[in-house]
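Following: one structure in structure tokens, then a few remarks.
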Amino acid sequence: MKFNRRFFDSSVNFRKISNERFVLSFVISLATAYTIYAFFYVLREAFRVLSFGFENFSNILSESDRNFYNIFFAGLSFIFANSIFINLLLSKPQQVVSPLNPKRKRILNDQIFLSFNFSYWFTKIGLVFGVFSMCCMDFNFLPYFKFSSYLLLGVLYLESWKNLSCIFKKNRFKIQLLHLLFMMLLVFGLSRINIIDYKAIDALSISQNPIIDLPHSDFYSDRMIQYDWEVSFKLQLNENNDLEINTENKNKIALEDVASFIEERRIFIREELMPFLAVRISASKNMPIKYIKMFEAELYSINQRKIVYDVHNDNLMASRFEKIGIDKMITESFFEIKLKKDIPIPPVPNYTENYQFNDTVNVSIQKMVRINGEEISKDKLVDKFKKYIKPKTLVLYMYNEDIVYQDYITVLSSHFAAAHRLRENEQTIFRAHEYDYNESFRKEQTILKVKYPIIIKENLIKKDAKR
């Protein structure tokens with residue numbers, strides 16, 4: 001009827017869209033998608049760079065994680081751009097859809113809500129998570145969010161078609177499928193574009209704060225960190241197999257400069273608190289043990305006895321907010337020691353050098369571990385060590401220069417775990433939480449450590465000595 005056509009015309013005629021308007025809308029939507037994608041990309045890299053100063057390790061994204069982020073950002077960008085494209089086609093007066101058609105208003109309202117309200121909400125949530133990730137979140141939890149992220153993209157895409165599908169009477173599913181395939185092609189194409197040279201950022205981060213493949217250990221020390229002062233170093237080998245030492249200030253120093261660096265830190269510590277100063281080292285699990293002991297020799301020469309070996313543990317909650325390690329006292333060095341005469345050296349504490357031992361347990365560390373000549377598998381080391389942890393029983397580690405750091409940590413952690421379990425079996429007083437200072441607890445722990453001590457000396461067999 002003429003009345004209906006004049007006041008309630010529900011017909012849709014896509015042929016009325018001019019080529020110029022279609023091309024202009026498409027170009028603007030592509031530019032919008034690129035701008036939104038670039039914004040999210042730069043924002044991600046900005047948070048990543050800012051987190052370099054807070055993270056213990058370099059925040060380097062794997063290629064799979066980076067591809068996921070790029071696809072997710074590109075998907076959001078094109079969903080928003082698709083809404084802008086539809087708004088540009090249907091918003092201004094034209095003959096495609098009648099201004100009085102209620103479908104037109106619903107479509108435009110849906111696209112406006114989708115583009116602006118969701119982007120506003122998502123940006124706020126993204127900023128909160130971005131700031132929070134700089135100190136309190138790990139990217140190890142990313143796989144748990146991948147499915148929900150892809151599901152979110154699917155829901156947003158279907159939401160954009162909620163009322164738009166009403167104007168397609170024929171071949172609706174075919175048109176929607178072709179549109180989806182075209183959108184996916186654009187998304188994957190945009191996700192291949194790297195707005196920033198992330199490889200240069202990664203290289204700079206790694207050079208200042210190298211990624212260390214730490215040795216694995218099921219045991220780590222329960223440390224009361226509020227009473228400790230630490231100096232951290234990262235040890236790695238360069239292309240010439242020379243030892244490189246990275247300080248906590250992200251500077252490189254030579255081996256002979258370690259003593260003076262520690263002395264600078266000692267200046268700010270009262271003399272009675274000097275024994276609490278610990279040196280924490282991070283080194284690759286495949287590094288030959290001789291380089292670790294060369295570093296320890298420098299510490300020994302200035303009477304720095306307390307050392308912490310950083311380790312990796314499968315328990316993410318244990319190492320999420322702070323590094324975990326094994327505490328140990330350096331007792332003797334096997335390298336030629338030259339005391340640093342120009343550096344004030346604290347008094348020598350009463351360690352194992354002054355002990356009188358009734359028994360010695362020989363532990364040979366190779367690919368297979370031998371205790372008093374008996375070959376012991378690694379899964380039985382803890383139970384074996386329990387038999388030899390007694391007062392005035394010395395455990396002598398013997399190994400050559402060829403063994404790797406992981407072999408040493410495997411034996412050391414098993415030794416410490418055995419002592420810890422023996423003490424734990426007789427423990428009667430417990431702390432309410434990790435930082436609870438309990439005098440009764442401290443006294444009992446002292447008694448248990450005397451009853452089940454960890455007394456270690458080490459003998460590094462050099463290649464020349466074997467011949």
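The values are calculated or read from the model by the stated rules, or taken from the named source; none is laboratory data. In this text the structure is predicted, and so the values were computed from the model without any measurement. With ideal geometry, Cβ positions are generated from the backbone for all residues, glycine too; neighbour counts draw on all protein chains shown. When the accessible area is computed, the model is the full protein with side chains, heavy atoms only, and any ligands, DNA or RNA have been set aside. Shrake-Rupley method; radii C 1.70, N 1.55, O 1.52, S 1.80 Å.
Name the single residue, out of those in the range 387-423 being more than 23 Å from Ile324 (Cα to Cα) and among the acidic types (Asp, Glu), that is surrounded by the most Cβ atoms within 10 Å (Cβ to Cβ). That would be Glu401. Annotation: Ala278 fulfils all but one of (1) at pLDDT below 85; (2) in contact with a strand residue (DSSP E or B) (Cβ under 6 Å, 6 or more places away or on another chain); the unmet one is (1). Scanning the range 36-90 for residues that are modelled with pLDDT of 80 or more and of a type outside the set (A, V, I, L, M, F, W, C) yields a total of 15. Scanning the range 386-410 for residues that are closer than 25 Å to Asn313 by Cα and without any contact (Cβ under 8 Å) to a residue 60 or more places away in the chain yields one hit, Lys386.
Scanning the range 58-88 for residues that are under 19 Å from Gln176 (Cα atoms) and either open to solvent by 30 Å² or more (accessible area, probe 1.4 Å) or among the β-branched types (Val, Ile, Thr) (or both) returns Ile79, Ile84, Phe85, Ile86. Against the conditions (1) touching a Phe, Trp or Tyr at 6+ places or on another chain (Cβ under 9 Å); (2) at pLDDT below 85; (3) open to solvent by 30 Å² or more (accessible area, probe 1.4 Å), Arg172 satisfies every one except (1). From the list Lys384, Lys443, the lone residue that is more than 17 Å from Ile326 (Cα to Cα), part of a helix (DSSP H, G or I) and open to solvent by 50 Å² or more (accessible area, probe 1.4 Å) is Lys443. Just checking, does the range 346-359 include any residue being modelled with pLDDT of 85 or more and either touching a strand residue (DSSP E or B) at 6+ places or on another chain (Cβ under 6 Å) or more than 27 Å from Tyr300 (Cα to Cα) (or both)? Yes, there is a match, as at least one residue in the range 346-359 is modelled with pLDDT of 85 or more and either touching a strand residue (DSSP E or B) at 6+ places or on another chain (Cβ under 6 Å) or more than 27 Å from Tyr300 (Cα to Cα) (or both). Taken together, Arg266, Arg305, Arg270 contain a single residue that is open to solvent by 60 Å² or more (accessible area, probe 1.4 Å) and out of contact with any Asp or Glu (no Cβ under 9 Å at 6 or more places or on another chain), which is Arg270. Could you please let me know if Ile324 is over 25 Å from Leu460 (Cα atoms) and at pLDDT 60 or above? Yes; evaluated as a whole, the condition is true for this residue.
Scanning the range 395-410 for any residue that is assigned to a helix (DSSP H, G or I) and of a type in the set (S, T, N, Q) turns up at least one such residue. Determine whether Ala33 is under 22 Å from Leu152 (Cβ atoms), at pLDDT 90 or above and surrounded by 14 or more Cβ atoms within 10 Å (Cβ to Cβ). Spelling it out, Ala33 is indeed under 22 Å from Leu152 (Cβ atoms), at pLDDT 90 or above and surrounded by 14 or more Cβ atoms within 10 Å (Cβ to Cβ). Do we have any residue at all in the range 273-294 that's over 27 Å from Lys378 (Cα atoms), surrounded by fewer than 17 Cβ atoms within 10 Å (Cβ to Cβ) and free of Cβ contacts under 8 Å to residues at least 60 places away in the same chain? Within the range 273-294, one or more residues are over 27 Å from Lys378 (Cα atoms), surrounded by fewer than 17 Cβ atoms within 10 Å (Cβ to Cβ) and free of Cβ contacts under 8 Å to residues at least 60 places away in the same chain. Of the candidates Ile262, Ile253, the single residue that is at pLDDT 85 or above, under 28 Å from the mean Cα position of the chain (by Cα) and closer than 22 Å to Ser221 by Cβ is Ile262. Put simply, of Leu177, Leu181, Leu273, Leu235 the only residue that is among the aliphatic types (A, V, I, L, M), within 30 Å of Glu45 (Cβ to Cβ) and either modelled with pLDDT of 75 or more or not in a strand (DSSP E or B) (or both) is Leu235. In this entry, Lys340 passes the filter for residues that are in contact with a Ser or Thr (Cβ under 8 Å, 6 or more places away or on another chain), open to solvent by less than 60 Å² (accessible area, probe 1.4 Å) and at pLDDT below 90.
Candidates in the range 184-218 are the residues that are in a loop (DSSP other than H, G, I, E, B) and in contact with a strand residue (DSSP E or B) (Cβ under 6 Å, 6 or more places away or on another chain); of these, the one that is modelled with the lowest pLDDT is Pro210. The set of residues in the range 19-30 being loosely packed, with under 12 Cβ neighbours inside 10 Å and either in contact with a strand residue (DSSP E or B) (Cβ under 7 Å, 6 or more places away or on another chain) or farther than 17 Å from Met183 by Cα (or both) consists of Asn19, Glu20.
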